[in-house]
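I have placed the structure first, in the form of structure tokens, so that the comments after it can refer back to it.
Computed from the coordinates by the stated procedures, all read-outs in this text should not be read as laboratory data. Computed from a prediction, not measured in an experiment: that's the story for all the values here. Positions of Cβ are backbone-derived with ideal geometry, glycine not excepted, and every protein chain shown enters the neighbour counts.
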Amino acid sequence: MILTGYGVLVDPLAPLLELADVAPALAEARDHVDAAMRHRALRRHGGQVAAEAGLRAAVASAALEGHAYDVEEVRGGTVTDPVVQGALRVAEGLGGLVDLWPRAPRQVLAKLHMLAARGVVPADDLGRLTGGADRIDALAGLVSNDQGTSSPILLAAIVHAELLTLRPFAGPSGVVARAAARLTLINRGLDPRGLIAVELGHLAREPEYVGSSGAYATGTPDGVRSWLRHYTNAVTAAADELTTIGDGVLAAV
């Protein structure tokens, strides 16, 4: 956010809403999230739903890094792949980082990398940037200075895409990018309980995920639009998956 000479807060992401179809897609994704949050399973079994969503999110995030396993194998504790284990640690650790995220984004990114990459990269590389420091500073400023006027989904999409483009950490930095985006959705109040496993939406549309993130990296309006359309699709799919998870929990009790 910036303060104009007239004392009006201006959203630096507002111009992105002018890209074709982006604003309606954001609104539709928000509607799906709001509908999923009204699922009756969340009234008495919210903890079970959150645990299942977190597990599936971690498995999906690891799969997007090229480490795919069946969720039942991971649930059973037989998968020792360090990328999967890192993604599980990240999913478990998100709740403790929500409040710190807008105050110290660089510190949180380093912590996420330490959780994600332990056992994957040398210990001296954990939490250490490999490049892109200036752009990371700009991203941290965007997160820290946000005053709540930008769309949470739009802000999360930009956080995610910037980190995917930069890959500023060694090893599974995509896990960090996806987790930072989730933190944004949680902190900004769209998903305060961390139930929307957007990773599932990305994995379900993996070719689009890869292609649109590459398009974003070009910096063109069409490339950015392609990514934002993918991200809203992924959020919508994740919201619908939450409904499925809720149905499954109710059926099991």
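Residue ranges 27-35, 149-157 sort as 149-157, 27-35 when ordered by packing (mean number of other C-beta atoms within 10 Å per residue, highest first). Note down the nm distance, to one decimal, between modelled labels 7 Å out along Cα→Cβ at LEU250 and at ARG193. Label-label distance for LEU250 and ARG193, simple model: 1.3 nm. Overall, region 1-130 carries a charge dipole of about 560 debye about its Cα centre when +1 sits on the Cβ of Lys and Arg and -1 on the Cβ of Asp and Glu, all other atoms neutral. A Förster radius of 35 Å, combined with the Cβ-Cβ distance separating VAL71 from ARG44, puts the computed FRET efficiency at roughly 0.90. Under the convention that each Lys and Arg Cβ holds +1 and each Asp and Glu Cβ holds -1, the size of the dipole of the chain around its Cα centre is about 600 debye.
The residue among ILE153, GLY131, LEU142 whose Cα reaches farthest toward the positive pole of the charge dipole of region 126-253, with charges on the beta-carbon of Lys, Arg, Asp and Glu, is GLY131. Between ARG128 and GLU18, what is the label-point separation in nm under the 7 Å Cα-to-beta-carbon projection? A separation of 4.4 nm, rounded to one decimal place.
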